[in-house]
Amino acid sequence: MWKRRKHVRRPEALPLELCDLCARTFPAQEAVRGYVADSSSVHPTDERHDGLRPVTACGEAHLEAIRREYRCRPFVDEELWAGKITRVLTSGPPALSMNQLACRTGLHEPDIRRAIAWHNARCRRMSQ
């Protein structure tokens, strides 16, 4: 007769997080989270979080190191505005008048023009 092995249940794998500084993985419940100012970060749906990048660290010391690093980076308004414009153009009609774009982004026409100029200059630099 065959012996039946008892089925040993393995514990479910806990969700893991990744430290944004050292790339160490650790259990999600140990994560230390915060936000840093970053003009390249535009939330896909909530404009209140535009310009804030969520960060995850394995401890308070690493979270503070991430914050110090981001404080040294320039915050470019035109970059943030270009991100807002991109979000509006990719989530609705791709062609809008300047007034419609201003209404949907909350930006004024001069800011929209500065954002477009910044975006075009960046594209030219990247293609060289």
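The values are calculated or read from the model by the stated rules, or taken from the named source; none is laboratory data. These numbers were taken from a predicted model, which means no experiment stands behind them. Methodologically, a virtual Cβ is constructed for each residue, glycine included, from the backbone with ideal geometry; neighbour enumeration extends over all protein chains shown.
Check whether at least one residue in segment 53-63 is in a helix (DSSP H, G or I), surrounded by 14 or more Cβ atoms within 10 Å (Cβ to Cβ) and outside the structural domain of ALA102 (by TED's automatic domain parsing), and report yes or no.
Looking through segment 53-63, at least one residue is in a helix (DSSP H, G or I), surrounded by 14 or more Cβ atoms within 10 Å (Cβ to Cβ) and outside the structural domain of ALA102 (by TED's automatic domain parsing).
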task: Run down GLU69, GLU12, GLU60 and say which single residue is modelled with pLDDT of 95 or more and farther than 30 Å from ASP111 by Cα.
output: GLU60
- line: Taking segment 34-52 and the residues there that are among the small types (Gly, Ala, Ser) and either in a loop (DSSP other than H, G, I, E, B) or outside the structural domain of ASP20 (by TED's automatic domain parsing) (or both), the one that is surrounded by the fewest Cβ atoms within 10 Å (Cβ to Cβ) would be SER40
- prompt: For the subset of segment 30-48 comprising residues that are out of contact with any helix residue (DSSP H, G or I) (no Cβ under 7 Å at 6 or more places or on another chain), modelled with pLDDT of 95 or more and not charged (D, E, K, R), which member is farthest from THR105 (Cα to Cα)?
  reply: ALA31
task: State whether the residues of segment 79-98 include one that is in contact with a Leu (Cβ under 6 Å, 6 or more places away or on another chain) and either modelled with pLDDT under 95 or assigned to a helix (DSSP H, G or I) (or both).
output: yes
